[in-house]
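The next block holds one structure in the form of structure tokens; read it before the comments.
The values are calculated or read from the model by the stated rules, or taken from the named source; none is laboratory data. Only a predicted model underlies this, so the values are computations on that prediction, with no experimental measurement involved. Cβ coordinates were reconstructed from backbone atoms using ideal geometry, including for glycine residues, and neighbour counts include every protein chain displayed.
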Amino acid sequence: MSKRALALIGATLVSIIYGVTFTIAKDVMPAHIEAFGFIVLRVGGSTLLFWLVWLFLPKEKIATADFPRIAAAAFFGVALNMLTFFKGLSLTSPISAAVLMVTTPIIVLVLSAIIIKERMEARKAIGIVLGLVGTATLILYGKSAENSPNAGWGNFLVFVNAVSYGFYLIIVKKLMDRYNAFTFVKWIYLFGFLMVLPFGYAELHAVNWALVPPDTCWKIGFVVVFSTFLTYLLNLLSMRELKPVTVAVFIYLQPLFATIFAIALDKDSLGWVKIASAAMIFAGVYLVTQKNAGQKATPSQTTAVN
């Protein structure tokens with residue numbers, strides 16, 4: 001099998017894992033552990049795995065001047081990103097959360113126009129409006145299943161998570177140009193762990209592990225090992241062999257897999273509001289991510305990480 005075929009399989013597996021994660025994580029919280037306590041477990045476990053793998057890789061020194069950028073990447077890419085995502089997911093439904101995550105390319109384009117003065121075309125501006133209308137509709141009217149105690153607030157927090165990840169993609173770009181990914185990702189997760197610890201320590205400490213069912217422990221392990229650590233490794237494989245714009249297409253499979261999995265397990269339902277919102281968001285993303293001939297891929301054409 002060719003390296004390209006393996007990369008395509010890897011990118012597909014990432015989308016499947018992320019799609020499944022929405023429902024699996026929802027089963028864990030808040031019934032067995034609160035969202036912020038779950039984040040401490042996720043980031044702490046992933047940090048340990050990244051540092052263990054680093055021990056077996058060639059060593060590369062990071063310039064002292066780059067550590068503030070690493071800290072900023074940790075805040076937007078790990079701390080704020082994951083805290084808002086898991087808290088939002090605990091309040092809304094898997095399908096709504098998955099659909100909102102697709103707004104990431106739109107958000108990155110807006111941030112690029114504001115921060116690095118990237119030129120905004122009329123077609124992309126229309127896409128942004130469509131995407132934001134779809135997002136607003138889902139946040140305001142996207143009522144969900146019974147296990148969604150506050151869908152509106154939860155949807156808003158997932159949207160904040162997407163905005164945070166948009167900032168992360170812009171911040172981390174220079175690091176990706178200078179270093180091997182494993183050189184700095186271990187620091188990003190270590191800093192991120194220190195940032196989320198004050199928010200989730202009390203919730204984690206409050207968990208009575210004797211009452212946590214074994215299948216819930218397996219689900220927690222799945223989020224740490226597969227949804228965080230393994231997906232990062234598979235993304236590395238994909239990015240080595242595929243163009244960024246090719247990898248970007250796979251982010252749009254996440255809501256599909258999330259919807260199939262959630263409905264199959266009777267964890268969510270699909271209503272007209274969700275369908276209409278998703279249609280507007282996908283149309284907006286399509287307009288935003290289309291590039292002119294000869295235009296290089298931008299940070300908005302990279303795969304999102306939850």
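Among 169, 138, which is at pLDDT below 80, within 15 Å of the chain's Cα centre (by Cα) and not in a loop (DSSP other than H, G, I, E, B)?
Only one candidate passes the filter, namely 169.
Going by the structure shown, is residue 199 touching a Leu at 6+ places or on another chain (Cβ under 7 Å) and under 21 Å from residue 59 (Cα atoms)?
No, not satisfied.
When you check residue 22 against the structure, is it surrounded by 24 or more Cβ atoms within 10 Å (Cβ to Cβ), assigned to a helix (DSSP H, G or I), under 15 Å from the mean Cα position of the chain (by Cα) and not small (Gly, Ala, Ser), yes or no?
yes
Do we have any residue at all in region 184-206 that's farther than 30 Å from residue 257 by Cα and small (Gly, Ala, Ser)?
Scanning region 184-206, I find at least one residue that is farther than 30 Å from residue 257 by Cα and small (Gly, Ala, Ser), so the answer is yes.
Quick check: anything in region 75-87 at pLDDT 80 or above and over 16 Å from the mean Cα position of the chain (by Cα)? Walk me through it before giving the result.
Here is the first cut: in region 75-87, the ones at pLDDT 80 or above are 75-87.
If we keep only those that are over 16 Å from the mean Cα position of the chain (by Cα) too, we end up with none.
No, region 75-87 contains no residue that is at pLDDT 80 or above and over 16 Å from the mean Cα position of the chain (by Cα).
Where the second residue is not in a loop (DSSP other than H, G, I, E, B) and the first is farther than 18 Å from residue 48 by Cβ and lies in region 190-215, which pairs have Cβ atoms under 6 Å and are six or more apart or on separate chains?
199/36; 203/36; 203/37
What number of residues within region 25-65 satisfy the criterion of being buried (at least 19 other Cβ atoms within 10 Å of the Cβ), part of a helix (DSSP H, G or I) and modelled with pLDDT under 90?
Total meeting the criteria: 4.
Quick one: in region 66-96, which of the residues that are among the hydroxyl-bearing types (Ser, Thr, Tyr) and buried (at least 24 other Cβ atoms within 10 Å of the Cβ) is farthest from residue 155 (Cα to Cα)? Lay out the reasoning, then the answer.
Step one: filter region 66-96 for residues among the hydroxyl-bearing types (Ser, Thr, Tyr), giving 84, 90, 92-93, 96.
Checking the rest, the ones that are also buried (at least 24 other Cβ atoms within 10 Å of the Cβ) come to 90, 92-93, 96.
On the way: 90: 10, 92: 6, 93: 8, 96: 7 Å.
Per the stated criteria, the residue is 90.
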